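Structure first, commentary second.
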Amino acid sequence: MTNYTDISGLGQVADNYDALLVDIWGVIHNGREAFDDAVVALERFKAERGPVILISNSPRPSVAIPAQFDEIGLPHSFYDAVVTSGDATIDELARRAPGPAFKLGPERDDGLYTGLDLNFVELKDAKFISCTGLFDDENETPEDYQDLLADALARQLPLICANPDMRVKRGDKLIYCGGALAKKYEDMGGQTVYAGKPHKAIYRLSRAWLTEIAGYEIDATRILAIGDNIQTDLVGAQNENYDCLFVASGVYDGNSTQIRGLLEKHGIFVKYMLSSLSW
């Protein structure tokens, strides 16, 4: 027995909501290609119903997202604001500045640290780890970090995770994200700190944007969250008492048996399900 309603498109339920909180990766693009039907659907909701806030576990600050959209041909007309895990993480890092910190992640994420005045050092000299992801997510897995994390654990270093996603699809390939390293560190007994989905910090920022754009505080029952990741998008929506539209073609490739099992395992209720976002 399913605990969701299959719908034909966002338009079928749009009148029930005054605002959307929409995941980016897996819903709007796959890291290489834009999903045109999703863009059309969000443009229409924005024009006819209300604000569209993009809420992403990207470790980069939100100001960097429009340039990413430009790279894959996404317009800027289908959303009102972007909130990222990077935005929420900046507050946490600022409280710990100047560190010293060990930087774990690729150079492309270094925009997160602009203006923070953090002192980056080798692991042996650090007071904490700032993790945006794997150094080389195309070729590495969390198992490649066993020794590094064991060393960090021996030093009792907290790990600040700027991207709680475990995996995302880049094109047709699943790649590991910062959340996979943080989970491994937790399983080893390490201390981790998160700011992105499904944790409260990113939702506080999102609600602040919604209130500013709408001009009033929108009731939680009139907000629809849209996402493709059970552990982040769906758990976060449920924690905040938002209805959720699950896009099944993202992380889980539309595998209904796997999806149903995971929903039941985690005790998650999903209001609606779509294969891919469209109107």
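The values are calculated or read from the model by the stated rules, or taken from the named source; none is laboratory data. None of these values were measured; they are calculated from a predicted model. Don't worry about glycine lacking a Cβ; one is built from the backbone with ideal geometry, like all the others, and counts go over all protein chains shown.
If you go through the range 132-159 and pick out every residue that is within 17 Å of P59 (Cα to Cα) and either in contact with a Cys (Cβ under 6 Å, 6 or more places away or on another chain) or at pLDDT 95 or above (or both), you end up with 6.
Screening I202, I218 for residues that are farther than 29 Å from I160 by Cα and of a type in the set (V, I, T) leaves exactly one candidate, I218. Are any of the residues in the range 59-80 in contact (Cβ under 8 Å) with a residue 24 or more places away in the chain, of a type outside the set (S, T, Y), closer than 19 Å to V193 by Cα and touching a Pro at 6+ places or on another chain (Cβ under 9 Å)? No. Of F120, F102, all but one fail to be modelled with pLDDT of 95 or more, more than 27 Å from A208 (Cα to Cα), in contact with a Lys or Arg (Cβ under 6 Å, 6 or more places away or on another chain) and surrounded by 15 or more Cβ atoms within 10 Å (Cβ to Cβ); the exception is F120.
Within the group F78, F120, which residue is of a type outside the set (K, R) and under 22 Å from G26 (Cα atoms)? Step through it out loud before you land on a result.
Numbers: F120 fails: under 22 Å from G26 (Cα atoms).
Answer to the selection: F78.
Would you check if G190 is within 29 Å of F120 (Cα to Cα) and either part of a loop (DSSP other than H, G, I, E, B) or among the aliphatic types (A, V, I, L, M) (or both)? Yes. All conditions but one from (1) surrounded by fewer than 19 Cβ atoms within 10 Å (Cβ to Cβ); (2) touching a Pro at 6+ places or on another chain (Cβ under 7 Å) apply to T232; the one that does not is (1).
Note on the range 125-141: residues that are assigned to a helix (DSSP H, G or I) and touching a Phe, Trp or Tyr at 6+ places or on another chain (Cβ under 6 Å) total 0. With the structure loaded, tell me whether Y194 is closer than 18 Å to L93 by Cα and crowded, with 19+ Cβ neighbours inside 10 Å or whether it fails that test. Yes. Taking the listed residues S249, S206, the one that is crowded, with 24+ Cβ neighbours inside 10 Å and outside the structural domain of L118 (by TED's automatic domain parsing) is S206, with no other qualifying.
Does the range 258-267 contain any residue that is surrounded by 15 or more Cβ atoms within 10 Å (Cβ to Cβ) and either modelled with pLDDT of 90 or more or part of a loop (DSSP other than H, G, I, E, B) (or both)? Taking every residue of the range 258-267 in turn, none turns out to be surrounded by 15 or more Cβ atoms within 10 Å (Cβ to Cβ) and either modelled with pLDDT of 90 or more or part of a loop (DSSP other than H, G, I, E, B) (or both). Go through the range 48-85 and give me each residue that's small (G, A, S) and either more than 17 Å from L277 (Cα to Cα) or crowded, with 22+ Cβ neighbours inside 10 Å (or both). Within the range 48-85, G50, S56, S58, S62, A64, A67, G73, A81, S85 qualify. Here the helices (runs of 4 or more DSSP H) wholly within the range 1-116 that include at least 3 residues being more than 28 Å from Q238 (Cα to Cα) are 65-71, 85-96.
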